[in-house]
Amino acid sequence: MNLDFLQNNPQLSSIDPQKLNFLMGLASENHPNNTKDMANVLMNAANSAKKSGMEFTPSETDLLVELLKQNMSPTEQKKADQIMALMKNMRRK
């Protein structure tokens, strides 16, 4: 997986180093090709982060999703975007 996305991303300048290490590890270990695999990776990551006492902001979560979408086809990326939009709408209510 291309980690330049993380290393060159200006959003990372304010992220906690522990979270950054977590994201880099996740990026190097997981390469989902579809939304089902991405959902599993996100759930496992959320559980692992919670056990470590980490919480991610919505923008950090968006960054993680963008990272995981890298190996997906354009169709799967669009599905992932739709799922994330639906989840955001549900959180607002």
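The values are calculated or read from the model by the stated rules, or taken from the named source; none is laboratory data. Since the structure is predicted, the reported quantities are computational estimates derived from the model, not experimental observations. Methodologically, a virtual Cβ is constructed for each residue, glycine included, from the backbone with ideal geometry; neighbour enumeration extends over all protein chains shown. Accessible surface areas use protein heavy atoms only, side chains included; no ligands, DNA or RNA. Shrake-Rupley method; radii C 1.70, N 1.55, O 1.52, S 1.80 Å.
Listed values, structure above:
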read-out: In segment 6-83, GluC sites (Glu not before Pro) in a DSSP loop with at most 16 other beta-carbon atoms within 10 Å; value: Glu55
read-out: Carbon plus sulfur fraction of accessible area for the chain, probe 1.4 Å, in percent; value: 51 percent
read-out: Relative contact order (percent, whole number), segment 26-72, Cα cutoff 8 Å, 6+ residue spacing; value: 65 percent
read-out: Accessible area of the chain divided out per residue, in Å², using a probe of 1.4 angstrom; value: 66 Å²
read-out: At R0 = 22 Å, FRET efficiency that the Cβ-Cβ distance of Asn34 and Leu86 yields, to 0.05; value: 0.85
read-out: Those lysines that a straight Cα-Cα span of less than 27 Å connects to Lys79, excepting residues fewer than 8 apart in one chain; value: Lys19, Lys36, Lys50, Lys69, Lys88, Lys93
read-out: Heavy atoms of Asp37: accessible area, 1.4 Å probe, square angstrom to 10; value: 60 Å²
read-out: Spatial extent of the chain: Rg and Dmax, with the Cα atoms as the point set, Å; value: 12.8, 36
